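Structure first, commentary second.
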Amino acid sequence: ALLEQELQQALERGEFELHYQPKVDIMSSRVVGMEALLRWRHPRLGMMAGASFLQQAADSGLLAPIGRWVIDAVCTQMQQWQRNKTMANLPIAVNIALPQVDADLPARLLDMLRQHGLPPRLLHLELTESMLMRDLDRAGAMLREMSEGGITIAIDDFGSGYSSLSVLKSLPIDILKIDQSFIRDLGKTAGDTAIVAAVVSMARALALRVVAEGVETREQLALLKSLGCDEYQGYYYSKPLPADFLERQMSQTS
Ligand code: G
Ligand code: G
Ligand code: MN
Ligand code: NA
């Protein structure tokens, strides 16, 4: 309950921040996007990752206002990066959880992008399979509205839930992100390699881009390259970092 009370105040006190984790194109080794991940600079406990407070935020009904803060902060960051030579035109992905979704979400997002003068394609949304499967009709309508507005749609943690091929085909999805659990033992267990190979070829067949998450070793990356995976993300390249840190790093390496 203490955490809940503190969460309430965190928004007003400006204690939230975003860290960004690069997405890298496997063929060219270039950074092709960023994923925004929420952090809470807690006055006593220090920097807290999303995993340590997002469930509590959801349970106490705070995810909707926090989610609005995230979208606003991401739009402001993208606007700044549009003026920065090395960061311009880099898409930013935002994670969306079920309690943040309502009928107005697509209009709100498109409005926000317009207000910030941003091309909608620069905003990627990461949604999980299980979230979409909860109410497929509603999810489908919402995705279509966002997709028609130009927003890019990614399925996060792909493979960890249940979605059928026919569902994937029927939704306006652009990107599949393979769940970290399949990458962890890639090359060590034959099963995981087969699953990743199958997801990559399915993505090909459906003309989706495929991203591997949680890549930590050179061996995993080499195998993903041989399997034809398009992009990767993970500690091997970079953990999530503050925006100014990434800006400096990108201006040195590009
Ligand atoms: O960064 P971390 O490992 O703590 O993230 C844990 C979980 O929190 C991940 O599933 C991630 O998608 C989710 N998450 C991180 N930032 C956000 C956010 O801004 N909004 C939502 N809804 N989820 C987020
Ligand atoms: O659910 P989602 O995929 O959005 O969550 C991403 C989470 O995974 C974030 O909390 C991020 O900090 C974490 N993460 C990113 N790269 C790696 C990695 O290489 N290894 C591990 N173990 N976690 C990672
Ligand atoms: Mn994600
Ligand atoms: Na994920």
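Do the conditions hold for Arg44, that is, is it away from ligand 2 (no atom under 16 Å from the Cβ), out of contact with any Pro (no Cβ under 9 Å at 6 or more places or on another chain), farther than 30 Å from Gly228 by Cβ and of a type in the set (Lys, Arg)? For Arg44, the condition - away from ligand 2 (no atom under 16 Å from the Cβ), out of contact with any Pro (no Cβ under 9 Å at 6 or more places or on another chain), farther than 30 Å from Gly228 by Cβ and of a type in the set (Lys, Arg) - is met. Got at least one residue in segment 12-24 being surrounded by 14 or more Cβ atoms within 10 Å (Cβ to Cβ), farther than 29 Å from Leu122 by Cα and not aliphatic (A, V, I, L, M)? No: zero hits. Checking Leu11 against (1) touching a helix residue (DSSP H, G or I) at 6+ places or on another chain (Cβ under 7 Å); (2) part of a strand (DSSP E or B), which test does it fail? Unmet condition: (2).
Of the residues making up segment 152-173, not a single one is surrounded by fewer than 17 Cβ atoms within 10 Å (Cβ to Cβ), at positive phi and not in a helix (DSSP H, G or I). Scanning segment 203-254 for residues that are away from ligand 4 (no atom under 14 Å from the Cβ), within 16 Å of Asp179 (Cα to Cα) and charged (D, E, K, R) gives Arg209, Glu216, Asp230.
On the given criteria, is Asp185 closer than 30 Å to Ala88 by Cβ and of a type in the set (D, E, K, R)? For Asp185, the condition - closer than 30 Å to Ala88 by Cβ and of a type in the set (D, E, K, R) - is not met. When Leu206, Leu241 are screened for being away from ligand 2 (no atom under 15 Å from the Cβ) and either more than 17 Å from Ile175 (Cβ to Cβ) or modelled with pLDDT under 95 (or both), only Leu206 passes.
The values are calculated or read from the model by the stated rules, or taken from the named source; none is laboratory data. This one's a predicted model, so the numbers in the text were calculated from it and none came from an experiment. Because the Cβ atoms are built from the backbone with ideal geometry, glycine has one as well, and the counts that use them run over all protein chains shown.
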